[in-house]
1. Does Gly160 count as more than 30 Å from Arg45 (Cα to Cα) and either surrounded by fewer than 20 Cβ atoms within 10 Å (Cβ to Cβ) or touching a residue at least 24 places away in the same chain (Cβ under 8 Å) (or both)?
2. For Lys99, only one of the following conditions fails: (1) of a type in the set (Lys, Arg); (2) out of contact with any Lys or Arg (no Cβ under 8 Å at 6 or more places or on another chain); (3) closer than 22 Å to Met159 by Cα. What is its number?
3. Scan the range 18-35 for residues that are in contact with a Lys or Arg (Cβ under 9 Å, 6 or more places away or on another chain) and open to solvent by 80 Å² or more (accessible area, probe 1.4 Å) and report the count.
4. Would you confirm whether or not the range 150-172 contains a residue that is more than 28 Å from Asp51 (Cβ to Cβ) and within 17 Å of the chain's Cα centre (by Cα)?
5. Evaluate the following for Ile15: is it open to solvent by less than 80 Å² (accessible area, probe 1.4 Å) and in contact with a Leu (Cβ under 8 Å, 6 or more places away or on another chain)?
Amino acid sequence: QGLSAMFQMMNAMRIEVGLWAAALGKRGLNESLLYAEGREQGGKRIIEHDDVKRMLLQQKAYAEGAFALTIHAATLHDRNAAGDAEAGAMLDSIIEVVKSWPSEWCLEANKWAMQVLGGYGYTQDFPLEQLYRDARPNMIYEGTSGVQALDLLGRKASMGGGAALKLLGAAVAEDVAAARAAGG
């Protein structure tokens with residue numbers, strides 16, 4: 001059972017890296033939102049400027065999407081540990097994305113957070129430059145994003161005739177159908 005335990009531990013670490021990236025993205029959003037609500041330019045708060053709204057919404061989409069993805073993966077991980085093989089297969093089909101997507105896009109969110117603050121975003125007077133530096137290594141931890149992509153597409157996509165990806169596709173189709181039925 002040692003090999004199985006090792007893979008469960010590796011999956012947990014990938015989820016944790018994704019969650020850490022999501023948390024850094026959310027913190028950057030909070031910092032830039034506070035700044036935008038209080039800073040005035042051109043006679044109005046900068047949060048009222050369309051480009052600032054766009055940058056804040058991008059950060060929100062990236063950070064909250066990353067949180068949703070990592071929480072979903074953590075749920076699958078727990079179900080797999082309890083013996084749910086289907087949850088394990090589903091987790092195997094997305095685990096590289098769970099680590100890589102938040103690592104890439106929450107770093108981008110922190111780039112937008114720094115931009116909201118303008119020149120201040122790059123100074124030590126605000127935590128954003130530190131958040132950016134803290135987020136950058138996430139693309140390296142637990143395997144670089146490039147290695148994760150090679151593993152997903154080169155190995156996992158074809159395992160079992162693509163069974164895990166078919167399972168994922170069916171779950172997505174089920175969620176889409178449920179959303180449509182609910183009027184979404």
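1. So Gly160 fits the description; yes.
2. It fails just one condition, (2).
3. Counting residues in the range 18-35 that are in contact with a Lys or Arg (Cβ under 9 Å, 6 or more places away or on another chain) and open to solvent by 80 Å² or more (accessible area, probe 1.4 Å) gives 0.
4. Checked against the condition, which is being more than 28 Å from Asp51 (Cβ to Cβ) and within 17 Å of the chain's Cα centre (by Cα), the range 150-172 yields at least one hit.
5. no
The values are calculated or read from the model by the stated rules, or taken from the named source; none is laboratory data. The structure presented is a predicted model; accordingly, all values stated were derived computationally and were not measured. Cβ sites come from the backbone with ideal geometry, for glycine too, and all protein chains shown count toward neighbours. For accessibility, only protein heavy atoms count, side chains too; no ligands or nucleic acids. Shrake-Rupley method; radii C 1.70, N 1.55, O 1.52, S 1.80 Å.
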